[in-house]
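Input: a single structure, listed below in structure tokens.
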Amino acid sequence: MTKKELRRIFRERRRALEMSEVERLSDLIAENMIGFLKGREISVVSRFSPMRDEREIDAGLIERRLRSKHPHFRVALPRVAKGSKTLEHVFVSDSTRFDESDWGISEPIGEDDAKASDFDLVVVPLLCFDRDLNRVGYGGGFYDRFLAETKAECLKVGVSLFPPVGRIDEIHERDIPLDAVVTPLEVFARTGR
């Protein structure tokens, strides 16, 4: 299927879910993520803020669960750099202030002090993925541009409410495949990652 078709199908599937179901599935994903990351050294994490209207996974649950195992890691949240299609990241703390973007995403206010090369783990949003760990996002290319700049050993882990599709057509050289995708029922990972 084409990316355009998959976007339409999976946006409809997600929007049909009740928020209570998204929360339940997010909790299962967070638990599976902790299992996948067990024994790995994680110091700096990028995670996204969910678009609630799109029924996105609450990646904050992953952060809270991970903090119980790795209390000293740092978290940065992305925001869209003004006038561009690139993501910049801000390290966040309890005192960080947020502003809502045009897309309804809670974005951090502050200096873009985290660089792509800082991250050990990037939690990546997606609409769907295939067994080759290619993803379909919202079509802006924000994450592909950012992931292309991360260090080779950085884990790029998608989170999905649904299992993989058979195959995504239209994979381009600028599309960055993931190292793993965590779903409510299982983890799909590249060998050696």
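The values are calculated or read from the model by the stated rules, or taken from the named source; none is laboratory data. Bear in mind the structure is a predicted one, so any value in this text is a computation, not a measurement. Cβ atoms come from the backbone with ideal geometry, glycine included; neighbour counts cover every protein chain shown. Keep in mind that these areas ignore ligands, DNA and RNA; they rest on the heavy atoms of the full protein, side chains included. Shrake-Rupley method; radii C 1.70, N 1.55, O 1.52, S 1.80 Å.
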**Asked** Between S43 and E149, how many nm apart are label points set 7 Å from Cα along the C-beta direction?
**Response** 2.0
**Message:** With +1 on the Cβ of every Lys and Arg and -1 on the Cβ of every Asp and Glu, and nothing else charged, how large is the dipole of segment 57-193 about its Cα centre, in debye rounded to the nearest 20?
**Reply:** 380
**Message:** Quick test of the membrane-span-like rule: which DSSP H helices of the chain reach at least 20 Å along their long axis (C-alpha atoms) with mean Kyte hydropathy at least -0.5?
**Reply:** 19-37
**Message:** For a quick check, take a GNM of the chain with Cα springs below 10 Å and name the residue from D94, D53, D120 with the largest mean-square fluctuation.
**Reply:** D94
**Heavy atoms of I171 accessible to a 1.4 Å probe, total area in Å² rounded to 10** = 70
**Fill in**
Of the residues P71, F98, P125, the Cα lying farthest along the dipole of segment 1-148 towards its positive end, which is defined by charges on the beta carbon of Lys, Arg, Asp and Glu, belongs to P125
**Item:** the chain, relative contact order [Cα under 8 Å, separation at least 6], %
**Value:** 24
**Prompt:** Length gain on complete extension for the stretch S20 to S93, per 0.36 nm per residue less the alpha carbon to alpha carbon distance?
**Reply:** 23.6 nm
**Request:** Mind giving me the FRET efficiency for A81 and R174? R0 is 22 Å, r the Cβ-Cβ distance, nearest 0.05 is fine.
**Result:** 0.75
**Prompt:** Can you give the accessible area of V187, probe radius 1.4 Å, in Å² rounded to 10?
**Reply:** 50
**Request:** Can you tell me how much longer the chain between F73 and V187 gets when fully stretched, taken as 0.36 nm per residue apart minus their C-alpha distance, in nm with one decimal?
**Result:** 38.8 nm
**Prompt:** Which of the lysines could be linked to K115 by a straight reach, that is with a Cα gap under 30 Å, when you skip same-chain ones fewer than 8 residues away?
**Reply:** K3, K38, K69, K82, K85, K151, K156
**Asked** So, with a 1.4 angstrom probe, what is the percent of accessible area on the chain that is carbon and sulfur?
**Response** 47
**Request:** Once you have a ≥ b ≥ c as the square roots of the Cα gyration tensor eigenvalues for the chain, tell me rounded if a/c is under 1.5, and otherwise prolate or oblate according to whether a/b is larger than b/c.
**Result:** rounded
**Prompt:** Which loop chymotrypsin sites (Phe, Trp or Tyr not before Pro) in segment 1-77, with loop taken from DSSP, have no more than 12 other Cβ atoms within 10 angstrom of their Cβ?
**Reply:** none
**Request:** Restrict the search to segment 11-50; then list the trypsin sites (Lys or Arg not before Pro) that DSSP places in a loop and that have at most 16 other Cβ atoms within 10 Å of their Cβ.
**Result:** K38, R40
**Low-density loop cleavage sites - GluC sites (Glu not before Pro) in segment 25-56, where at most 15 other Cβ are within 10 Å (DSSP)** = E41
**Asked** Say R0 is 25 Å: what FRET efficiency, to the nearest 0.05, do D53 and I9 get from their beta-carbon distance?
**Response** 0.90
